[in-house]
Amino acid sequence: MEPAPVGEDSAVPEEQAVQTTVALGGDGTSIARARHLAAGFVTRAQTEHGLPVSQRAMDLTQLVVSELVTNALKYAPGPVLMDLRITGGMVEIAVWDCDPVLPVARAADVGRVGQHGLEIVLAVAQGFEAQREPVGKRITARIALLDDEHRAAPRTRSVGQ
């Protein structure tokens, strides 16, 4: 199933909010497609809206998208929605799925094969939230657009009910 754009802001107000939402099916190409869409979104924010974006931000955005979409497709039946938004010098990646169970990071274990996705996201993101929605849950991670902001940005973590 091909991801379908749900909406995209064409105007960039003063706070430079740039956003797009896509629905992803559960076929074998969804994860790669999500990474490709995220890279295109960040590139458009840079080229069309003149926002500064480091190569590190581009790479981390694709990594976080890959991990969050993989987990959503692996653990929840049904479609996944991915919302990308740029605001306040950050790219915000939100992934919704229909399973209400919030993710829990496992203790580090070098012998464990796999199941490191949430650990990776928590290690690279400047902000992370997991919250239950009326249906399912929404996982949100934030990545600084510039490397200097990455070093100075406060790390926030929250898990909602």
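Every read-out reported here was derived from the displayed coordinates using simple, explicitly stated rules and does not represent laboratory data. As the structure is a computational prediction, the values presented were derived from the model and not from experiment. Here Cβ is always computed from backbone atoms with ideal geometry, including for glycine, and neighbour counts include all displayed protein chains.
Below, the figures for the structure above:
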| item | result |
| --- | --- |
| Amide H contacts of GLY127 (H built 1.01 Å from N, under 5 Å, at least 5 apart or other chain) | ARG142, THR156 |
| Phi to ³J(HN,Hα) by Karplus 6.51 cos²θ - 1.76 cosθ + 1.60 over the stretch 118-130, Hz, x for Gly, Pro | 5, 4, 4, 4, 5, 6, 9, 8, 7, x, 8, 9, 10 |
| Interchain or long-range residues, amide H under 5 Å from THR87's placed H | GLU92 |
| FRET efficiency, ARG56 to ASP99 (Cβ-Cβ, R0 35 Å, nearest 0.05) | 0.65 |
| Gained length - ARG44 relative to GLN131, 0.36 nm times residue gap less alpha-carbon distance | 28.4 nm |
| Prolate/oblate/rounded label for the stretch 28-69 (Cα gyration tensor, a/c 1.5) | oblate |
